[in-house]
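A short worksheet on the structure shown next.
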Amino acid sequence: MRYHVLHTTEYHYSQSVQTARHLLHLVPRPVPWQMLERQALRIDPEPTTRAHGIDVFGNPADRIEFAASHDHLRVESEQTLTVAPRPWLATPTDGPVWEKVRDALDYHASPLGDAIAGAQRMRFESPGVRVKRELEAYAAPSFAAGRPVIDAARDLMRRIHAEFRYDPEATEVGTSVVEVLENRHGVCQDFAHLMIGCLRSLGLAARYVSGYLRTDPLPGQALMTGSDASHAWVAMFVPEIGWIEFDPTNDCLADERHIVLAWGRDFGDVSPIRGVIQGGGEHTLKVGVTVTLVEAGN
């Protein structure tokens, strides 16, 4: 699938912002199944300084600073890219039993392979995903003794999709995973955090993936939930297979409809735009995302 993506973010401040610093995760991460053809990042007003680099998780990141006062900020990210089917869609197995995966991720005195060592950092709680007994208890029915880990994770994903209601007004950025579990509603960020917390509570490695969904559905398919904004889903590590991505908001494995921007421990690591400002007073925020299919040659 070849896509055109347009992601706009607009802040309007009631008072002038005197200085500001922002970190942007708006350039798609290089991954084997995704090829970026063109990327444009337009910022108004023009930042005083601007630097592009790679963050601690390997994601492209832009750092911008403003030394002059301004009453608005508009960031427009436009890109064309091609997305191929994910490798895990061809995985013919449900993987090893989940206890074996958990034990492989435990600390060992002997040297670990790079893949397992890298996955271990995603086993522990993070600022946005605390590991709680309530999450372990919720995950337990899906992770019966001896159940293959991929099959168990898919069951957990299906339960979250069935038992939680998508409601953009129900939560805020700071809503805890336990609150989401208790109230049974939220948005894609909440469902991703919930599933990550459940997996980590069992000793498994899971990370947060931010990105986009195709906006216009294929003929005969329904519009996917969360396709009109930036999206979030989950990746779980399985030794000998690698990372497998699950979308609990839509009850599916990530496929060529999912475009990866960045990944980290939770939303806080990969927020599209975050920063600190001096001044500004009250502000309004408007975000728009469109992801459309592009014909070859266009």
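Quick one: go through the range 9-28 and flag any residue whose amide nitrogen is under 11 Å from the point 7 Å out along the Cα-to-Cβ line of Glu282. Correct set: 14-15.
For Thr19, nonlocal amide neighbours, meaning residues 5 or more places apart or on other chains whose placed amide H falls under 5 Å from its own, are Gln278.
Report the calculated FRET efficiency for Thr290 and Tyr107 (r = Cβ-Cβ distance, R0 = 41 Å), to the nearest 0.05.
My answer for the efficiency is 0.35.
Across the range 118-127, rounded Karplus estimates of 3J(HN,Hα) from the backbone phi angles (6.51 cos²θ - 1.76 cosθ + 1.60, θ = phi - 60°) give x, 6, 4, 5, 9, 8, 9, 5, 9, x Hz, Gly and Pro being marked x. Taking all protein chains together, Met236, Met1, Met35 sort by accessible area into Met35, Met1, Met236, largest first [probe 1.4 Å].
Compared with the dominant Cα axis of the chain, that is its longest principal axis, helix 149-163 is turned about 60°.
The amide H of Leu261, built 1.01 Å from its N in the peptide plane, has Arg29, Ser210, Gly211, Tyr212 as neighbours under 5 Å, considering only residues 5 or more places off or on other chains. Net charge dipole, the chain: roughly 440 debye, given to the nearest 20, about the Cα centre with Cβ charges of +1 for Lys and Arg and -1 for Asp and Glu. Computed from backbone phi, the HN-Hα couplings of the range 25-36 come to 10, 10, 9, x, 5, x, 9, x, 9, 9, 10, 7 Hz, rounded to whole numbers (Karplus: 6.51 cos²θ - 1.76 cosθ + 1.60, θ = phi - 60°; Gly and Pro given as x). For the range 75-89, backbone phi angles converted through the Karplus equation (6.51, -1.76, 1.60; θ = phi - 60°) give residue-by-residue couplings of 10, 10, 10, 10, 8, 10, 7, 10, 10, 9, x, 5, x, 6, 5 Hz, Gly and Pro being listed as x.
Could you compute how fast the chain diffuses translationally, taking Rh as the Kirkwood radius over C-alpha pairs and applying Stokes-Einstein at 20 °C with viscosity 1.002 mPa s? Give it in µm² per second. Working shown, then result.
Numbers: Rh = 20.2 Å.
Stokes-Einstein gives a translational diffusion coefficient of 106 µm²/s.
Express as a percent, rounded to the nearest 5, the fraction of DSSP beta bridges in the chain (both residues included) that run antiparallel.
95 percent
Applying 0.36 nm per residue to the separation of Ile54 and Asp155 and subtracting their alpha-carbon distance, the gain on full extension is 32.9 nm. Approximating the spin labels as points 7 Å out from Cα along Cα→Cβ, the Ser14-to-Val178 distance works out to 3.3 nm. Ligands, DNA and RNA aside, Phe124 has an accessible area near 120 Å² when probed at 1.4 Å.
Order the peptides 197-207, 181-191, 156-166 from the highest to the lowest mean number of other Cβ atoms within 10 Å of their residues.
Working: 197-207: 25.5, 181-191: 20.5, 156-166: 17.5.
Most protected by this proxy first, the peptides run 197-207, 181-191, 156-166.
Backbone amide hydrogens, once placed in the peptide plane, bring Asp55 within less than 5 Å of Ala61, excluding anything fewer than 5 places away on its chain. Remark: the Cα gyration tensor places the range 1-151 in the prolate category, a/c being 1.5 or greater and a/b exceeding b/c.
Taking every DSSP helix (H) stretch of at least 4 residues in the chain, weighting each as -39,500 (n - 2.57) and dividing the sum by the residue count yields a mean residue ellipticity at 222 nm of -6000 deg cm²/dmol.
The values are calculated or read from the model by the stated rules, or taken from the named source; none is laboratory data. If you're wondering where the values come from, they're calculated on a predicted model, not measured in any experiment. A quick note on method: Cβ atoms are made from the backbone with ideal geometry, for glycine too, and the neighbour counts reach across all protein chains shown. These area figures cover heavy atoms from the full protein model, side chains too; ligands, DNA and RNA do not enter into them. Shrake-Rupley method; radii C 1.70, N 1.55, O 1.52, S 1.80 Å.
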